[in-house]
Every structure is written in C-alpha cells, then in structure tokens.
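Presented below is the structure to which this report refers.
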C-alpha cells in the first residue's frame with residue numbers, strides 16, 4: 001500500500017506544469033496590441049489555445065488595411081465629428097470605414113467634438129458669462145448673463161445688474177415699473193423718482209433744503225404756483241403762491257416778507273425769502289423761472305446734464321465718467337463714449353476708441369490700444385498673427401494646412417493631410 005502511494009505521488013509531480021506567476025488580470029495590464037488570456041498577455045489577433053498550456057495557436061495572419069482611398073463613408077455607430085470617414089482598402093480586397101477625425105475635448109462651436117452624441121456638451125443652454133446666448137459671446141467684467149426680457153425662449157443678453165438698468169435692476173428677474181415712475185437707482189433698487197427728494201426725477205438728484213420733489217421736480221412749495229403748499233396744489237390764474245398759500249399779488253401776504261431776507265443773502269420774492277443763486281423759480285432775480293431740464297446755478301439757468309452740473313450744481317464727473325441721466329456713471333460697456341452706447345457681448349469699452357473686441361480687433365489686440373504690427377497684422381484670440389493664421393494655444397498656425405489644427409484649433413487629422421481646412 002505504501003508503494004502505491006509513492007507511485008501516485010511521483011505521477012502527480014510529473015504531470016504538473018509550472019506556468020509562473022500570472023502577468024495580467026485584464027487587458028489594461030497588457031500592451032496595446034495584446035490581450036489578457038488566462039493570466040498571460042498574448043497577441044490580440046492571434047488564435048488562442050483552448051488547452052491549459054497558455055500557448056498561442058499559430059492561426060491565420062491578421063488582415064492589413066492601410067491603403068487610404070478618397071471615397072467618403074460614415075463610420076457605423078460613431079457620432080459627432082467621429083462619424084465622417086473614408087474607406088481604407090485591405091489586402092483581402094475588402095474595405096473598412098475609418099474616421100477622419102479623432103475625438104477631442106468638447107468645444108463651444110455648435111458641434112459634437114467629444115463624439116458622445118451631444119452638441120456643445122457642457123456649454124448649452126449658453127447661460128454663462130463666457131458664452132452668453134451663443135459660443136464666444138463673453139460678457140464684460142461686472143456683467144451677468146440673463147434671459148432676454150421679451151426675447152425668444154432661450155435668448156440671453158449681457159447686462160449690468162448694478163448699472164441702473166430698469167429691466168434688470170439688481171437681478172435678472174427684477175424690472176422697475178417705469179410707467180408708474182419707478183426707476184432703477186443702482187444699489188437702492190427701484191425708486192419712485194416722482195416723489196423721492198433724494199432721487200428726484202432721476203437717480204441721485206437731491207433736492208435742496210426747503211424744497212420738495214413734486215412729479216420729478218424739486219420745487220419750493222412756499223412759492224411755486226403749481227405746487228403751492230403741497231405737490232399738485234395749483235394756484236388760480238392771477239394768484240401767486242406766497243408763503244405756501246395762493247393769494248392776490250397785491251395782498252399783504254405777498255407784498256412783504258416776515259423776515260429780513262437781505263441779512264441772509266436772499267431776496268424777498270412773492271412774500272418769501274429765496275436764494276436767487278439756486279432757486280429755479282427766481283434764478284438771478286424774482287420772476288426768472290428756469291425751463292424744464294435746467295438748474296439754477298450761481299444765478300444762471302444751466303442744463304442739468306452739463307459737465308459741471310451733472311444732476312446738481314457743482315457736480316463734476318471724473319475723467320473716466322459720463323453724465324448720464326443726470327448722474328455721473330463710469331464709462332463702460334453700457335455707456336461707451338456716449339450715454340446709452342452699449343457694446344456688444346464679447347466687447348470691452350476702450351474709452352475714446354469706442355467698443356472693441358480684444359480677441360479680434362487689430363487696433364486693440366489683447367488690450368485697449370495694443371495695435372498689431374505690419375508683420376503680424378491680424379488679431380486672433382488676443383494675439384497678433386501673420387495674415388491667414390490663427391492663434392491655437394501657444395502659436396499661430398494655418399488652419400487650412402495644419403494637421404494638428406485642421407479647420408479648427410485642436411482638431412487633428414488621423415489618416416489624411418489637411419487641405420483647405422478639411423481632412424482629405
């Protein structure tokens with residue numbers, strides 16, 4: 001019996017095969033042209049031995065397909081830019097359709113660049129400040145991308161939510177009721193400018209002491225015949241407003257003042273002491289009334305939007321500001337060069353140079369005032385390039401012939417050369 005066990009042990013040892021330690025657990029552990037078979041990396045196209053020795057059967061050699069034709073085709077199952085292809089002829093007279101372009105990182109260009117079946121994946125519905133309403137429509141600094149009020153579904157516009165825009169006052173969905181006299185006054189929000197003495201008629205206009213805001217005008221209710229004693233209280237024809245009351249001009253209440261006006265540098269007009277240097281109803285002298293849109297400054301009627309009287313006497317706007325709506329505002333993409341001149345999405349305001357696209361404007365390439373030289377006269381992505389060239393990442397290239405950037409930056413030709421911006 002012992003001898004029988006010894007024989008069986010020897011046979012068992014003699015029949016074992018030492019395969020060594022496994023090389024792989026999956027195809028990712030092998031080279032590109034190999035696959036994982038029973039723990040070992042073998043040639044992917046070779047036949048495999050069904051036995052236990054992990055050796056590869058010889059099998060037929062793989063068919064070589066390398067002659068590129070010019071006949072277009074559609075790659076089965078592919079999507080986006082990976083779908084168009086050309087036929088490649090094989091040694092066995094068969095043909096296969098191979099893609100012209102390889103998958104790339106998704107760009108905002110109206111195409112499916114990463115071949116996942118979704119156009120502009122991650123960019124649509126174009127509501128970011130970099131792509132507001134469409135690819136490349138970048139909002140200026142400080143602007144937000146909002147749904148276009150009254151526009152088509154999905155339409156977007158760049159707006160300055162803090163710039164006094166009545167349609168977008170502090171928020172994309174906040175609009176002021178202009179018909180009711182409410183206007184957007186910056187951080188203060190929607191204000192009734194018909195009655196607010198701190199924003200009378202326009203944002204930021206403050207009524208002088210002794211006056212009130214009536215229907216958007218700063219008035220002296222002690223002497224104004226249209227607002228005598230109260231807003232809207234109009235005196236009858238022939239009467240004057242004296243000390244806040246409508247009375248006959250010859251009456252005692254209108255003929256004299258109860259105090260010595262001269263002692264305070266004022267004049268007695270219609271029974272009240274008034275400052276003829278600032279009073280719109282007695283500008284320079286009793287009875288001189290300034291017209292609509294005028295202020296009384298230093299005894300003279302002047303436009304309320306003059307450079308030296310922006311909304312109020314003595315208010316002078318800065319060098320980089322404009323007087324718009326009777327208040328000083330920064331010259332920016334909402335008021336570029338003149339009040340109301342708005343720059344298009346993707347543009348910036350270059351002061352006297354007007355609106356400019358720093359990405360494409362040769363006179364303002366990359367920065368306001370940076371003009372491209374004669375040798376590189378075209379502005380591409382904020383860089384000066386030779387004529388017909390485009391800036392792609394780190395260099396100027398010709399998209400008509402560059403295989404790594406064929407027709408578009410980052411689009412490489414897999415099988416063919418780049419001719420006229422297409423892989424052919």
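Looking at the stretch 302-317, which of the residues that are at pLDDT 85 or above and more than 17 Å from residue 211 (Cβ to Cβ) is surrounded by the most Cβ atoms within 10 Å (Cβ to Cβ)? The extreme case among them is 310.
Number of residues in the stretch 136-160 that are closer than 20 Å to residue 355 by Cβ and either free of Cβ contacts under 8 Å to residues at least 12 places away in the same chain or in a loop (DSSP other than H, G, I, E, B) (or both) equals 10. Could you check, for the stretch 350-373, whether at least one of its residues is over 26 Å from the mean Cα position of the chain (by Cα) and part of a loop (DSSP other than H, G, I, E, B)? Yes - at least one qualifying residue is present in the stretch 350-373. Among the conditions (1) more than 17 Å from residue 286 (Cα to Cα); (2) out of contact with any helix residue (DSSP H, G or I) (no Cβ under 7 Å at 6 or more places or on another chain); (3) at pLDDT 85 or above, residue 252 misses just one, which is (3). Residue 346 satisfies every condition listed in (1) at positive phi; (2) more than 26 Å from the chain's Cα centre (by Cα); (3) buried (at least 16 other Cβ atoms within 10 Å of the Cβ) except (2). The residue that is nearest to residue 202 (Cα to Cα), among those in the stretch 288-311 that are touching a strand residue (DSSP E or B) at 6+ places or on another chain (Cβ under 6 Å) and not in a strand (DSSP E or B), is 311. Just one of the listed residues (204, 164) is within 18 Å of residue 328 (Cα to Cα), modelled with pLDDT under 85, over 20 Å from the mean Cα position of the chain (by Cα) and surrounded by 21 or more Cβ atoms within 10 Å (Cβ to Cβ), namely 204. Considering the stretch 284-301, the residues that are within 39 Å of the chain's Cα centre (by Cα) and surrounded by 17 or more Cβ atoms within 10 Å (Cβ to Cβ) include one that is farthest from residue 208 (Cα to Cα), namely 294. Screening the candidates 255, 244 for the property of being free of Cβ contacts under 8 Å to residues at least 60 places away in the same chain and surrounded by fewer than 17 Cβ atoms within 10 Å (Cβ to Cβ) yields one hit, 255.
Collect the residues in the stretch 374-383 that are part of a loop (DSSP other than H, G, I, E, B) and in contact with a strand residue (DSSP E or B) (Cβ under 8 Å, 6 or more places away or on another chain), keeping them in residue-number order. Step through it out loud before you land on a result.
Just the residues of the stretch 374-383 that are part of a loop (DSSP other than H, G, I, E, B), to begin with: 374-377, 381-382.
Scanning the stretch 374-383 gives 376, 377, 381, 382.
What number of residues within the stretch 93-126 satisfy the criterion of being in contact with a strand residue (DSSP E or B) (Cβ under 7 Å, 6 or more places away or on another chain) and modelled with pLDDT of 85 or more? Number of matching residues: 7.
Test residue 388 against the criterion of being over 22 Å from residue 346 (Cβ atoms), at pLDDT 90 or above and touching a strand residue (DSSP E or B) at 6+ places or on another chain (Cβ under 9 Å), and give yes or no. In short, yes. Quick one: would you say residue 193 is crowded, with 19+ Cβ neighbours inside 10 Å and on the phi < 0 side of the Ramachandran plot? Yes.
Here's the yes/no breakdown for (1) more than 24 Å from residue 151 (Cβ to Cβ); (2) in a loop (DSSP other than H, G, I, E, B):
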{"residue": "73", "(1), (2)": "yes, no"}
{"residue": "96", "(1), (2)": "yes, no"}
{"residue": "108", "(1), (2)": "no, yes"}
{"residue": "112", "(1), (2)": "yes, yes"}
{"residue": "119", "(1), (2)": "no, yes"}
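Suppose we filter the stretch 391-416 for residues that are part of a strand (DSSP E or B), closer than 14 Å to residue 84 by Cβ and either under 30 Å from the mean Cα position of the chain (by Cα) or modelled with pLDDT of 90 or more (or both); how many remain? The qualifying residues number 0.
Only residues that are part of a loop (DSSP other than H, G, I, E, B) and either without any contact (Cβ under 8 Å) to a residue 12 or more places away in the chain or farther than 16 Å from residue 217 by Cβ (or both): list them for the stretch 312-326, please.
Within the stretch 312-326, 314, 315, 316, 317, 318, 319, 320 qualify.
The values are calculated or read from the model by the stated rules, or taken from the named source; none is laboratory data. Everything numeric here is computed off the predicted structure, so don't read it as measured data. So basically every Cβ, Gly included, is an ideal-geometry build from the backbone, and we count neighbours across all protein chains shown.
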